[in-house]
Amino acid sequence: MTSAALSVLLGTLGLTLAALVALTLAYSRPGVADEHVAKVRRIATIGVVVQAGHFGEEYLQQFYLRFPAQLGLAPWPEGFFVFFNLMWLVVWVFAIASLARFPRFGVFPLWFLAIASVANGVFHPLLSLASRGYFPGFWSSPLVGILGVVLVRDLATATRASSSQHGGA
């Protein structure tokens, strides 16, 4: 395995853990209840827009170089970083768009968005403290984190098992 591949694998371990938690929540809970679709869509859409801005800040300030270095790892390829982030933005947009028709389809990506957003809100300030200065993504991370907390709350409410009708699929 190349040093860049190992760096990507180890450097994204936290996101892998977030994805596993999101998958567990998506599998163990019902889809978004019909009466909550509009609210979840609204906060998730705001979350995706803010996350896109956060990605822009990370990209312009070379997070893909600085974060692996902070961990003692090789730099990530720029193309990987751009593809990975754009791919998730597209997945989140499709999840939001399909939420009303396929409420179970969008649950995993939206849980991942929520959990990863909370993690961004916590870890970017910690990375700035550890590096004793600005760390790429720091400025947008508080808003990303707050929106993540709101989305976690809304998804927890929207996917709570109840007597209300939950969409299939």
Quiz item: From the list L155, L127, L143, which one is closer than 15 Å to V49 by Cβ and part of a helix (DSSP H, G or I)?
Solution: L143
Quiz item: How about the range 76-93: which of its residues are assigned to a loop (DSSP other than H, G, I, E, B) and in contact with a Pro (Cβ under 6 Å, 6 or more places away or on another chain)?
Solution: W76
Quiz prompt | Among the residues listed as R132, R104, the single one being within 18 Å of P30 (Cα to Cα) and surrounded by fewer than 20 Cβ atoms within 10 Å (Cβ to Cβ) | solution = R104
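Could you pull out the residue among L15, L23, L9, L65 that is farther than 26 Å from F108 by Cα and part of a helix (DSSP H, G or I)? Walk me through it before giving the result.
Values: L15 fails: farther than 26 Å from F108 by Cα; L23 fails: farther than 26 Å from F108 by Cα; L9 fails: farther than 26 Å from F108 by Cα.
Within the list L15, L23, L9, L65, the selection yields L65.
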Practice problem: Run down V49, V90, V82 and say which single residue is among the hydrophobic types (A, V, I, L, M, F, W, C), touching a helix residue (DSSP H, G or I) at 6+ places or on another chain (Cβ under 9 Å), surrounded by fewer than 17 Cβ atoms within 10 Å (Cβ to Cβ) and over 21 Å from T157 (Cβ atoms). | Solution: V82
Quiz item: Just wondering, is there one or more residues in the range 117-126 that are surrounded by fewer than 15 Cβ atoms within 10 Å (Cβ to Cβ) and at pLDDT 95 or above?
Solution: yes
Practice problem: State all residues of the range 85-108 that are touching a Phe, Trp or Tyr at 6+ places or on another chain (Cβ under 9 Å) and without any contact (Cβ under 8 Å) to a residue 40 or more places away in the chain; if no residue qualifies, say none. | Solution: N85, L86, W88, V91, F94, S98
Exercise. Determine whether L73 is touching a helix residue (DSSP H, G or I) at 6+ places or on another chain (Cβ under 6 Å), under 22 Å from L17 (Cβ atoms) and not in a helix (DSSP H, G or I).
Key: yes
Quiz item: Got a sec? Which of H54, H36 is over 25 Å from T12 (Cα atoms) and touching a residue at least 24 places away in the same chain (Cβ under 8 Å)?
Solution: H36
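Of everything in the range 4-27, what is of a type in the set (S, T, N, Q) and either in contact with a Pro (Cβ under 6 Å, 6 or more places away or on another chain) or under 17 Å from P68 (Cβ atoms) (or both)? Give them in sequence order.
Of the residues in the range 4-27, the ones of a type in the set (S, T, N, Q) are 7, 12, 16, 24.
Once the filter is applied, which keeps residues that are of a type in the set (S, T, N, Q) and either in contact with a Pro (Cβ under 6 Å, 6 or more places away or on another chain) or under 17 Å from P68 (Cβ atoms) (or both), the range 4-27 yields S7, T12, T16.
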Quiz item: Taking the condition modelled with pLDDT of 95 or more, surrounded by 15 or more Cβ atoms within 10 Å (Cβ to Cβ), within 18 Å of A4 (Cβ to Cβ) and under 17 Å from the mean Cα position of the chain (by Cα), does F55 pass?
Solution: no
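The values are calculated or read from the model by the stated rules, or taken from the named source; none is laboratory data. Being a predicted model, the structure only gives us computed values, none of them experimental. Reconstructed Cβ throughout: ideal geometry from the backbone, glycine too, with neighbour counts over all protein chains shown.
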